[in-house]
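First the structure, in the form of structure tokens, and then the observations on it.
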Amino acid sequence: MTVPKRIGKISFGLISPQEFRRMSVVKIITADTYDDDGFPIEMGLMDPRLGVIDPGLRCRSCGGRPGECPGHFGHIDLIAPVIHVGFAKLIRKILRGICRECSRLMLLDGEKRMYIDQIETLVRLGQTTDDIVNKVFAEARKHKVCPYCSAPQQEIKFERPLAYVEDGHKLTASDIRDRFEKIPDEDVKVMGMNPDTARPEWMLLTVLPVPPVTMRPSITLESGQRSEDDLTHKLVDIIRINQRFQENREAGAPQLIIEDLWELLQYHITTFLDNTVSGVPPARHRSGRPLKTLSQRLKGKEGRFRGSLSGKRVNFSARTVISPDPNLSINEVGVPLEIAMELSVPLVVSPRNIEVMRDFVRRGSDKHPGVNYITRADGRRVKVTERNAEEVAEQLEPGWRIDRQLMDGDIVLFNRQPSLHRMSIMSHRVIVMPHKTFRLNPAVCPPYNADFDGDEMNLHVPQTEEARAEAEILMRVQENILSPRFGGPIIGGIHDYVTGNFLLTHGERRINRLEVMDVLKKLHHIEIPEPAGWDEAGAPYWTGKQIFSLILPKGLNLEFKASFCKNCDSCKRDGCDDDAYVAIRDGEIICGTIDAAAVGAFKGKITDRVIKEYGPTVGAGFIDGMTQMAIRGIMLAGFSFGIDDEDIPKEAGDQIEDVLNAARENVRKLIDAYKAGELEPLPGRTLDETLEMRIMQTLGKARDNTGSIAGRYLGIDNSGVVMAVSGARGSMLNLTQMAACVGQQSVRGERIRRGYEGRTLPHFRRGDLGAEAHGFVHSSYKEGLNPTEFFFHAIGGREGLVDTAIRTSQSGYLQRRLINALQDLEVQYDGTVKETRGIIVQFSYGEDGVDASKRDYASPENVHRIVQRVLRKEGA
Amino acid sequence: MKKFALQDHGLVPAHILLTVEESDEVLQSYGVDSAHLPKIRVSDPVVKEIGGKVGDVVKIIRNSSTSGESVFYRLVID
Ligand SMILES: [Mg+2]
Ligand SMILES: [Zn+2]
Ligand SMILES: [Zn+2]
Ligand SMILES: [Zn+2]
């Protein structure tokens, strides 16, 4: 690719009055815009030399048509100089640093030379000079008498918004400009400015550039009335006051009136530049709305930078709330009919498809897969309506283009913000559906980080053949199941889908014929196997493992530990007492339970292996089958969780109470030993630290013990335990806190110590080191917390909230910086990583040239597995 | 004071100065100009040690946890 023009450098400076005049095509002298016939007035604010916006006219300056002509600046000669608000602070600094008589920077020659040297060094190193320049002004200000002409200096006070008061007199802009004009170029350099591109007196405007009409177009209302842009309104004010000022001064009006008009001119120019200066009342429209002037166009979220340049709006996109549908494939997205009828795919009419295209056009734009627009060979676009549909369909010729409404099977991009990784935008196939939400398979929630509590997502329709091909080949959901981050599947079962598989496959669940039909009814190409056995009544039954095996590919061999494996010292493998060892041979589950470790998002070992051995299509089919089977599996078993699932028997409660009492006693003993000076400090710790650590340890152990007591009474028949054990949601710790004991609350990893003098709350004695006084919560969530416990819990909880708030903003910024730095790097076909100029960054991607998503969970080698597989094939 | 060879240190990867023929071969195999290589200064201590001059190409062999060894080339610049 060739770059038409390369930017050599950008230099920043101030524009001089001469430069303003040189770039101006017309001097504006009248505030009028259009004459009675609607023609722009010469030397008015809409002078035709400023550019064209009305179609059919040509620019008087460059001859260009609207769209070609970029517009040209004009200028207004101001009667008296005016301060530029943007430089108010700098003007103040300079005023204080220069002599009021001779305008020289009040530093000794030696100092000036030293500062110039420092500034030049910094500029050469490409660093900011702010610190040095600030020091220059601070030093210069210290002089009470000019070192050159010995004139005594006066304090200059700055009064909001824009007044500089010296010795009780307000300095006019002319005064300031006169002083600045006298500053020698050498001194300007010491102030960190380049006198060639930025003389200080240019901060006081004597010429105001008039922006071209192209950047302040007037609009014609329906009533035929013209409505002018805010900038034009402001410019009208400026010219009017400027004129009145001139007339009054020529007529020799009293000083008071002149000053008033000068101030008014200053006000209008200030608000023209920035309408949000503090202390200056914002200029308002007749309706009371504040005007949007120059800096308002640039600043903020909707400003030119963030709103127009970094962010753009696009066509062929849609946004709505999302909701789940496990009957969709992970590769599909449900699109509401209303949206499908608004979006379109461009299709080119050819002799081979013309009849099909005619059918689409005949349907018009009101019947679903219809056509919204057609584009003739000459580029003319025609809107298809019910009335002209038949006629247009007959006219249709090869080479025309039709904008066909979105229909089943079209490929679209689906996105959820914040788009932090590439899986935040994936392509799906459209399924047009009733109702108003986008539907997606819940297994694709993890890569988007979506849930259904009101999340909205965006959809984009690619408009070219290349875009569709890229979307289909590179961005399909099934191509993104394996994450390049950790080499495992990022897509998989969540929540109830994991629970459903667990309930279906744990132990030897018997399923009768009717139930088998129900579980399998949405699956395709399934052959029901021989029953596992017959019950007492002679009716056949199947096992859950058998049913799940139906969606496993034939020939799959895999062994792994389920997520609830206790990691026994010696694993009994297929003889595991908990059914926690999964063995799959030739696509049949021999033993073990399917849970998060098998099919869950981020960990699914089966998903991982199926994709790596059978490819993404089979992998996607497996996940589809898994979600459909799981949702019926959980419905078959029935699943709920309520407050009484946290109930534990009285004897368990008593045992927990005993454990907590013992812990309390131990803490007391520790404190006594500490007070008696008998506590042995741990190596490298002070006595105080040792005590804290020992107490934390004791209480932590106590909470764990209460947890295991509760765990003993909450068996696998408890829904909470099923969820925790299968990896669906929550942990045994959550259950412990609900049923047994919440435990120690902490701030920054320590017991809570803040509060009043010597104590955390007025409920305790000063110096109390006991468990209760420092945030140990004995109660369980089920029992409820007492007031002090509740307060401590709120302290600990708040820390968590603050942490997440800070972490997200910090990591977000960090990520932005990384992405901005790395976004243009590209892996070439030869495996090298190059940046846009072709400079090599890495000779082999990642030093090893390995695609992380193709290796097993980021482990560097999968050779052993491949060897095993080959050997097995040899043997068979 | 005793002098140490930088390359004897375990954390300094091996730097090898390539001959003109060798560096041409490297450039050819990657299909790039020497300007497209990553850079290293003549003033770099290791470059001084191996006596590299401006325009030379240095081959750097690093230990890698995933690929055992990874090879890198740098152009010596002023
Ligand atoms: Mg949400
Ligand atoms: Zn023009
Ligand atoms: Zn002086
Ligand atoms: Zn086990």
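Worth pointing out:
- Flag if A:Gly730 is open to solvent by less than 20 Å² (accessible area, probe 1.4 Å) and closer than 15 Å to A:Lys782 by Cβ: no
- Flag for A:Ile584 being out of contact with any Lys or Arg (no Cβ under 8 Å at 6 or more places or on another chain) and part of a strand (DSSP E or B): yes
- Annotation for segment B:7-19: at least one member residue is more than 14 Å from chain A (Cβ to nearest Cβ) and of a type in the set (D, E, K, R).
- Only one of A:Ile83, A:Ile94, A:Ile41 that is away from chain B (no Cβ under 14 Å), away from ligand 2 (no atom under 15 Å from the Cβ) and more than 30 Å from A:Ser278 (Cα to Cα): A:Ile41
- Selection within segment A:424-455: residues that are within 24 Å of A:Arg468 (Cα to Cα) and under 14 Å from the mean Cα position of the chain (by Cα). The member of this set that is farthest from ligand 2 (Cβ to nearest atom) is A:Tyr448.
- Subset tally (residues that are open to solvent by 60 Å² or more (accessible area, probe 1.4 Å), farther than 30 Å from A:Asp366 by Cβ and of a type in the set (Val, Ile, Thr)) for segment A:293-319: 0
- Failed criterion for A:Leu825 (all others in (1) out of contact with any Asp or Glu (no Cβ under 7 Å at 6 or more places or on another chain); (2) within 14 Å of another protein chain (Cβ to nearest Cβ) hold): (1)
- A:Leu256 being within 25 Å of A:Ile79 (Cα to Cα) and either surrounded by 13 or more Cβ atoms within 10 Å (Cβ to Cβ) or of a type in the set (Lys, Arg) (or both): no
- Filter result for A:Leu818 (farther than 19 Å from A:Arg664 by Cβ and in contact with a strand residue (DSSP E or B) (Cβ under 6 Å, 6 or more places away or on another chain)): no
- Single residue of segment A:47-106 satisfying the filter (more than 23 Å from A:His143 (Cβ to Cβ), basic (Lys, Arg) and in a loop (DSSP other than H, G, I, E, B)) that is nearest to ligand 1 (Cβ to nearest atom): A:Arg65
- Count - residues of segment A:1-60 that are open to solvent by 100 Å² or more (accessible area, probe 1.4 Å) and under 18 Å from A:Ile238 (Cβ atoms): 1
- Members of segment A:688-709 that are over 14 Å from A:Gly770 (Cα atoms) and either of a type in the set (S, T, N, Q) or open to solvent by 60 Å² or more (accessible area, probe 1.4 Å) (or both): A:Glu689, A:Thr690, A:Lys701, A:Asp704, A:Asn705, A:Thr706, A:Ser708
A quick yes/no check of all residues on (1) under 19 Å from A:Arg160 (Cα atoms); (2) at pLDDT 90 or above; (3) of a type in the set (Gly, Ala, Ser):
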residue: A:Met215; (1), (2), (3): no, yes, no
residue: A:Ile219; (1), (2), (3): no, no, no
residue: A:Glu222; (1), (2), (3): no, no, no
residue: A:Arg226; (1), (2), (3): no, no, no
residue: A:Leu261; (1), (2), (3): yes, yes, no
residue: A:Leu264; (1), (2), (3): yes, yes, no
residue: A:Leu273; (1), (2), (3): yes, yes, no
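- Hits in segment A:553-582 - residues which are open to solvent by less than 50 Å² (accessible area, probe 1.4 Å) and away from ligand 4 (no atom under 12 Å from the Cβ): A:Pro553, A:Gly555, A:Leu556, A:Asn557, A:Leu558
- Filter result for the condition that a residue is aliphatic (A, V, I, L, M) and under 23 Å from A:Phe792 (Cβ atoms), over A:Ala724, A:Ala739, A:Ala673: A:Ala739
- Hits in segment A:117-173 (condition: open to solvent by 90 Å² or more (accessible area, probe 1.4 Å), within 30 Å of A:Thr270 (Cβ to Cβ) and in contact with a Ser or Thr (Cβ under 9 Å, 6 or more places away or on another chain)): A:Arg160
- Scanning segment B:45-78 for residues that are free of Cβ contacts under 8 Å to residues at least 24 places away in the same chain and either touching a strand residue (DSSP E or B) at 6+ places or on another chain (Cβ under 7 Å) or not small (Gly, Ala, Ser) (or both) gives B:Lys48, B:Lys53, B:Gly55, B:Ser64, B:Thr66, B:Glu69, B:Ser70, B:Val71.
- Candidates are the residues of segment A:436-477 that are in contact with a strand residue (DSSP E or B) (Cβ under 8 Å, 6 or more places away or on another chain) and small (Gly, Ala, Ser); the one that is farthest from ligand 1 (Cβ to nearest atom) is A:Ala471.
- Among the residues listed as A:Ile269, A:Ile322, A:Ile339, A:Ile330, the single one being in contact (Cβ under 8 Å) with a residue 40 or more places away in the chain, closer than 29 Å to A:Leu78 by Cα and surrounded by 14 or more Cβ atoms within 10 Å (Cβ to Cβ): A:Ile269
Every residue, every condition in (1) at pLDDT 95 or above; (2) open to solvent by less than 50 Å² (accessible area, probe 1.4 Å); (3) within 16 Å of ligand 3 (Cβ to nearest atom); (4) within 14 Å of chain B (Cβ to nearest Cβ), yes or no:
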residue	(1), (2), (3), (4)
A:Pro434	yes, no, no, no
A:Phe438	yes, yes, no, no
A:Val444	yes, yes, no, no
A:Asp455	yes, yes, no, no
A:Leu482	no, yes, no, no
A:Gly488	no, yes, no, no
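- Just one of the listed residues (A:Arg65, A:Arg92) is modelled with pLDDT of 90 or more, under 43 Å from the mean Cα position of the chain (by Cα) and away from ligand 4 (no atom under 16 Å from the Cβ), and it is A:Arg92.
- Qualifying residue in segment A:862-875 (condition: within 14 Å of chain B (Cβ to nearest Cβ) and either over 26 Å from A:Ile490 (Cα atoms) or not polar (S, T, N, Q) (or both)): yes
- Restricting A:Ile839, A:Ile795 to those that are within 14 Å of another protein chain (Cβ to nearest Cβ) and among the hydrophobic types (A, V, I, L, M, F, W, C) reduces the list to A:Ile839.
- Check on A:Val777, buried (at least 16 other Cβ atoms within 10 Å of the Cβ), within 13 Å of chain B (Cβ to nearest Cβ) and among the β-branched types (Val, Ile, Thr): no
- A:Leu733 at pLDDT 90 or above, over 24 Å from A:Gly800 (Cβ atoms) and not basic (Lys, Arg): no
The values are calculated or read from the model by the stated rules, or taken from the named source; none is laboratory data. Predicted, not measured: the structure shown is a model, and the values here were computed from it. Quick reminder, even Gly has a Cβ in these numbers, built from the backbone with ideal geometry, and neighbours come from all protein chains shown. Surface areas here come from the heavy atoms of the whole protein model, side chains and all, with no ligands, DNA or RNA. Shrake-Rupley method; radii C 1.70, N 1.55, O 1.52, S 1.80 Å.
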